[in-house]
Each structure stands twice: as C-alpha cells, then as structure tokens.
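The values are calculated or read from the model by the stated rules, or taken from the named source; none is laboratory data. Note that the structure is predicted; figures quoted are calculated from it, not measured. Cβ atoms come from the backbone with ideal geometry, glycine included; neighbour counts cover every protein chain shown.
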Amino acid sequence: MTTLTATPAWKELATHHAKIKDEHLRTLFADDPGRAKCFSAEGAGLFLDYSKNRITGETIRLLLQLAEERGVTKRRDAMFAGEMINTTEHRAALHIALRAPRGIRIKVKGADVVAGVHQVLDAMASFSTRLRSGTFTGHTGKRIRNVVNIGIGGSYLGPEMAYRALRSFGDRSMTFRFVANVDGADFNEATLDLDAEETLFIICSKTFTTLETMTNAATARAWLVQKLGSEAAVAKHFAAVSTNIEGVTKFGIDRANIFGFWDWVGGRYSMDSAIGLSTMIAVGPDNFSAMLSGFHAMDEHFRTAPPARNLPLLLGLLSVWYNNFFGAQTIGIMPYAAHLARLPAYLQQLQMESNGKHVDLDGHVVNYQTGPIIWGEPGTDGQHSFYQLLHQGTKLIPCDMIGFCQPLSPFTEQHDLLMANLFAQAEALAFGRTAEELIAEGSPVFQTPFRAMEGNRPTNMILANTLDPKTLGSLVALYEHSVFTQGAIWAIDSFDQWGGELGKVMASRIIPELSHCAEPTLSHDVSTNALIIRYRQMRGR
Ligand code: F6P
C-alpha cells in the first residue's frame, strides 16, 4: 500500500490545510447561511451537527477522497465479511456479529457464527430472568440481590459504563458493583456492606488469565466460602464469562453458569457479548435486546449510508483532520448526561487501545501521527473545571459534545438548563468573544485582553432523543466504526494490543522480587532496583 503521506488526497489535504487553517468559524458561518444544514447528517437515531468544525466543503470532499484512496470501504466490507482483518493475531474482528439479528448468517472460516451468538444470548436471558425473578437463589436459598462484576479493561469498562448509562431502565431493588483494580481496596469497598448469601460474582475475562481479575476472583471465592462456611456455595454464587472455558471450569464455576464468547471479539468491543451479562441482569433481556438493535442499526448505517452522510466515517475523518493536519494531540468527549459519566473512560480504551499504534499493517514504523489521546468528563461538571483551558488555553482540543432532548429524571425543568449549557458551550467555543463585543457590553478596557475569547475551537454536536438502551447501542457503535475508519486511514491494526499485554508480563517478573527472600538479587535498571528495595524496607522485609 502507498504510504499515507504519499497519497494524492493527503498531499491535497496538506495544501488545502495551509490555505484554510487560519479561517475563523465566524467567517465560515457568515459566508454560508446554509452551513448548519450542509454539515449535518443523521442515522440510527443520532443527529450529528459537524458545522462547527474548521472545514469547508472542499475539506470534506478531500477527506472522503482520502477514505476512498485508503480503501476504507473495502476494509469495512472485509470486517463485515468476517475476514482476518486483525492480521497480527490472525483473527476476524466481528463484533458486528454480536448484534446481528437471528437468522442472518455471518461466517468465520466458513462457519456461521450468528446462531452461536443467539444461543449464548438465550442462555443469558434465561439466567437473567431467573435471577431477576428470584427463581435462581443462593446457597442458603436466599434471593440474589447483589451482583459484583469482576473484570478489567474491556471486561469492566463496558459493563460499568452501560450499567450507569441505563440506570433509569435498571432494577432498583438490586445492587451492582464493579471490581477491576488489583488494589484490594477496590474489592473491599465493593463488598463491605454486602450480604454474601445474596451476592453473585460474575468473573469476566476473555482470557481468564489476567492477573487482576484472577486475583480478585480468588479473593471473592475466599470471601464467600469464609462467610457461608462451605465450598459448595461457589456453584450458586459465581458465574463466568470467557473464551477460556477450560480455565473457568478449573476455577470451579458451575458449567450452567458459564457464558462463552469468541476470539473474534476484542475485549474493548465486547460489552454487547456475554461480557454484558451484568447489564442484562440490571435492565432485563428486552432492554438488552433493544441495545443490540441500536448497535445493529448503526452497523447497517455504516455499511450502507453514502459516504457524505455516513456518521462514523465523517466522525473518523474529522478526527484524522485535526490529528494529522492541525496537530491536535487530544480529543475531548463531553456527554451532557450524568448517566454517561463513564463514557469518556470507556471510549478512552476503545480508541487508545485500538489506535495507539506506531507501525502499519506491513510492520513499518509510520511517519505520521496515529490515535489521539481521548479524555473527558460529563457536562456541566467539566465547565467548572477544565473548560477554561478549552476556551482560552493555547492548545487546540476538538470536542465531541453529546446531548439528549428528553430528560430521564423527574426534575424535567432542569433539563433545559443542561441543554442550554451544552449549546452555549459549543457556541462560545466556536465564536468566542471579541474585544469589541466586550467593550460594547461595558467591560473595562484593561480587562479585555484577559476576557476576550478567540473562539475557533471545533466541536461535533451529537444529539439523540433520549438516553435509552437503543440509543446507547447506536452511540457506542458510532464510535467503534469511527475508530475503525481512523485505523483504516492510518493502515494500522486496530484490533491488537501488544503494548497493553507487555505490562502484564513485566509485573509478573517483579511480583516475587517484592518479598526479600524470594529473589534478593535484582537486575532491573538502578531506579527500579532502588524502588523495589525501598518498598521492601518500608514493608519491613
Ligand atoms: O491489558 C490489555 C487487555 O488485554 C485488554 O485488551 C483487555 O480488555 C484487558 O486486558 C482484560 O483482558 P481479559 O478480558 O482477558 O481479562
């Protein structure tokens, strides 16, 4: 494949960028009254207004040309067809099969996978229904009221984000907790006030080997056996979700409570697989199914909508525009919905683990920037914290602003305030405040340099009717495919995570060294050696 920077579209984009980089959104809007209409698109229940970006029609034309030259559509079709697009692990990346309706056939290595997906979904539905209705009881016959999800990374962020996002649809008589960190404080806090007789642990791990999860699972097991006084209790208080059924069985989890998934589902693309068991227990099988239908609607939109109206494609290309041409290092995700508090963290793994790569598919070190840093907080909280830097700092930080027209809380009058803030922030970021405007408003002249806001800060506005399960599915799939688009432009493998896995290996080496007797001779760098020795001393070893 031609190097990205040598493609005709890239070169044209570079020239075009030099020409328009200083254009102000004020001018772009003044020059084109039809801009808001022209730069907006709709699909799968989501509306995207991307008019407050530093773009012209020519920018979009060239970005779409770039997508064509980089074969984004071809790669997308390969993904949907179950081809081994995760080349470094020789795997398909087929999360779209997780939400394919019953009866559709999608093949991996010649065999249909959708029937298997629905078998697991049915088993999850039956388990969730028995649990929610109280038919499934614990070891002492008590109803299960607490669910503790133990998992990390993709086996944690999705379940926790979705549980919070869909709280309004959840069973309020049940308690849900999420344990990820190997710091024992995480498990301790999550279980301190729980009655073991009413508690179910779901151990989520694609590999069932991850240190944090295995440690917390063992702690949970010991906690339960100690509280209930019997090993036999484990069968009634543990469920597991994994691709490693052998590992789960060895741990001693009842076969009836094991839910599988497949190597073609990446951890960060797994919240709609059995990894979402806690979500299904919280909101019920029908709502889970509605969430899957939202995912599927966005899959279909991505697969069939024309490029110029294709939401994930546009979102991905805009990210490339700022990342590669404006040199923006980060993208902010600002959901104006308290229930989406964990969406930025979820998208952080989705995007940074997928596109934080420095070699292309041929193994060559790239000569361009890849995945941006993703971060964010819900609005309006962020406004009283870091928005100052967004408005008046020296860095360009494009932001995705996300809002919902219908309130979910009974305090409906507050919703207008929330939405007014959302619209006002995007407006202020784009248009700023000039010195003339400030003086006309009576601001003292000496203050104007400090109070003036340059504006020209780009935002995408994503609007939906309400934060319901279906919308959540569409929203997550929107970002999954935007990440895919960016990875395809950069020609990187968005589905492996070798860097993340290195950390797992490095820690295993140090674990025995922390106890003085196990390995007194240290052979790390001098800094790491000294830190280990200091730690040993402070722990009295
Ligand atoms: O550290 C990287 C990673 O492999 C993630 O990709 C994954 O989501 C997480 O660890 C947890 O892995 P597992 O589900 O196998 O426990």
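Please go through the range 184-225 and give me each residue that is out of contact with any helix residue (DSSP H, G or I) (no Cβ under 9 Å at 6 or more places or on another chain), closer than 20 Å to residue 136 by Cβ and either within 16 Å of the ligand (Cβ to nearest atom) or not in a helix (DSSP H, G or I) (or both), ordered by number.
Of everything in the range 184-225, just one residue is out of contact with any helix residue (DSSP H, G or I) (no Cβ under 9 Å at 6 or more places or on another chain), closer than 20 Å to residue 136 by Cβ and either within 16 Å of the ligand (Cβ to nearest atom) or not in a helix (DSSP H, G or I) (or both), namely 194.
May I ask you to verify whether residue 56 is among the polar types (S, T, N, Q) and in contact (Cβ under 8 Å) with a residue 24 or more places away in the chain?
Yes, satisfied.
May I ask you to list pairs of residues, at least six apart or on different chains, whose Cβ atoms are under 8 Å apart, with the first in the range 198-217 being at positive phi and the second being assigned to a helix (DSSP H, G or I)?
208/214; 208/247; 208/248; 208/251
Which one is surrounded by the most Cβ atoms within 10 Å (Cβ to Cβ) among residues in the range 342-387 that are within 21 Å of the chain's Cα centre (by Cα) and part of a strand (DSSP E or B)?
374
If residue 406 meets every condition in (1) surrounded by 14 or more Cβ atoms within 10 Å (Cβ to Cβ); (2) touching a residue at least 60 places away in the same chain (Cβ under 8 Å); (3) not small (Gly, Ala, Ser) apart from one, which number is that one?
(1)
Being within 28 Å of residue 269 (Cβ to Cβ), surrounded by fewer than 23 Cβ atoms within 10 Å (Cβ to Cβ) and without any contact (Cβ under 8 Å) to a residue 40 or more places away in the chain: is that true of residue 188 here?
Against the criterion (within 28 Å of residue 269 (Cβ to Cβ), surrounded by fewer than 23 Cβ atoms within 10 Å (Cβ to Cβ) and without any contact (Cβ under 8 Å) to a residue 40 or more places away in the chain), residue 188 does not qualify.
Restricting attention to the range 234-252, and to residues there that are part of a loop (DSSP other than H, G, I, E, B) and within 15 Å of the ligand (Cβ to nearest atom), which single residue is surrounded by the most Cβ atoms within 10 Å (Cβ to Cβ)? Don't jump to the end; show me each part of the working.
Of the residues in the range 234-252, the ones part of a loop (DSSP other than H, G, I, E, B) are 243-244, 252.
From the residues that got through so far, the ones that are within 15 Å of the ligand (Cβ to nearest atom) too are 243-244.
Details: 243: 19, 244: 17.
The extreme case among them is 243.
Looking only at the range 149-179, count how many residues are assigned to a strand (DSSP E or B), in contact (Cβ under 8 Å) with a residue 40 or more places away in the chain and more than 16 Å from the ligand (Cβ to nearest atom).
Within the range 149-179, residues that are assigned to a strand (DSSP E or B), in contact (Cβ under 8 Å) with a residue 40 or more places away in the chain and more than 16 Å from the ligand (Cβ to nearest atom) number 1.
Got a sec? Which of 507, 477 is in a helix (DSSP H, G or I), modelled with pLDDT of 95 or more and of a type in the set (Gly, Ala, Ser)?
None of the other options fit; the residue is 477.
Each row is one residue, and each column tells you yes or no for (1) of a type in the set (Phe, Trp, Tyr); (2) within 22 Å of the chain's Cα centre (by Cα); (3) in a helix (DSSP H, G or I); (4) closer than 24 Å to residue 315 by Cα.
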site: 389; (1), (2), (3), (4): no, no, yes, yes
site: 408; (1), (2), (3), (4): no, no, no, no
site: 423; (1), (2), (3), (4): yes, no, yes, yes
site: 455; (1), (2), (3), (4): no, no, no, yes
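Which residue pairs have Cβ atoms closer than 9 Å, lie 6 or more positions apart in sequence or on different chains, and pair a first residue in the range 500-514 that is more than 26 Å from residue 266 (Cβ to Cβ) with a second residue that is within 11 Å of the ligand (Cβ to nearest atom)?
Sorted first by the residue in the range 500-514, then by its partner, the pairs are 511/211.
Which one of the conditions (1) within 15 Å of the ligand (Cβ to nearest atom); (2) exposed (fewer than 11 other Cβ atoms within 10 Å of the Cβ) does residue 497 fail to meet, given that it meets all the rest?
Answer for residue 497: the failing condition is (2).
Going by the conditions given, is residue 505 of a type in the set (A, V, I, L, M), crowded, with 22+ Cβ neighbours inside 10 Å and either under 30 Å from residue 89 (Cα atoms) or within 16 Å of the ligand (Cβ to nearest atom) (or both)?
Numbers: of a type in the set (A, V, I, L, M): yes; crowded, with 22+ Cβ neighbours inside 10 Å: no; either under 30 Å from residue 89 (Cα atoms) or within 16 Å of the ligand (Cβ to nearest atom) (or both): yes.
So residue 505 fails the test.
Please state which one of 57, 71, 82 is in contact with a Phe, Trp or Tyr (Cβ under 9 Å, 6 or more places away or on another chain) and at positive phi.
Criteria check complete, one pass: 82.
Quick check on this structure: which one of 49, 77, 112 is touching a Ser or Thr at 6+ places or on another chain (Cβ under 7 Å), of a type outside the set (Phe, Trp, Tyr) and either at pLDDT 95 or above or crowded, with 22+ Cβ neighbours inside 10 Å (or both)?
Answer to the selection: 49.
Residue 169 versus (1) at pLDDT 95 or above; (2) under 20 Å from the mean Cα position of the chain (by Cα): which is the lone unmet condition?
Of the numbered conditions (1) at pLDDT 95 or above; (2) under 20 Å from the mean Cα position of the chain (by Cα), the odd one out for residue 169 is (2).
Residue 4: touching a strand residue (DSSP E or B) at 6+ places or on another chain (Cβ under 6 Å), surrounded by 12 or more Cβ atoms within 10 Å (Cβ to Cβ) and either in contact (Cβ under 8 Å) with a residue 40 or more places away in the chain or within 18 Å of residue 326 (Cα to Cα) (or both), yes or no?
So residue 4 does not fit the description; no.
Could you please give the count of residues in the range 263-286 that are among the acidic types (Asp, Glu) and either under 27 Å from residue 497 (Cα atoms) or in contact with a His (Cβ under 6 Å, 6 or more places away or on another chain) (or both)?
So the answer is 2.
Residues in the range 226-233: is at least one closer than 30 Å to residue 264 by Cβ, more than 16 Å from the ligand (Cβ to nearest atom) and out of contact with any strand residue (DSSP E or B) (no Cβ under 6 Å at 6 or more places or on another chain)?
no
Could you list, in sequence order, the residues of the range 108-126 that are outside any helix (DSSP H, G or I) and over 26 Å from the mean Cα position of the chain (by Cα)? Talk me through it step by step, then tell me what you get.
Just the residues of the range 108-126 that are outside any helix (DSSP H, G or I), to begin with: 108-113.
Within the range 108-126, 109, 110, 111, 112 meet the criteria.
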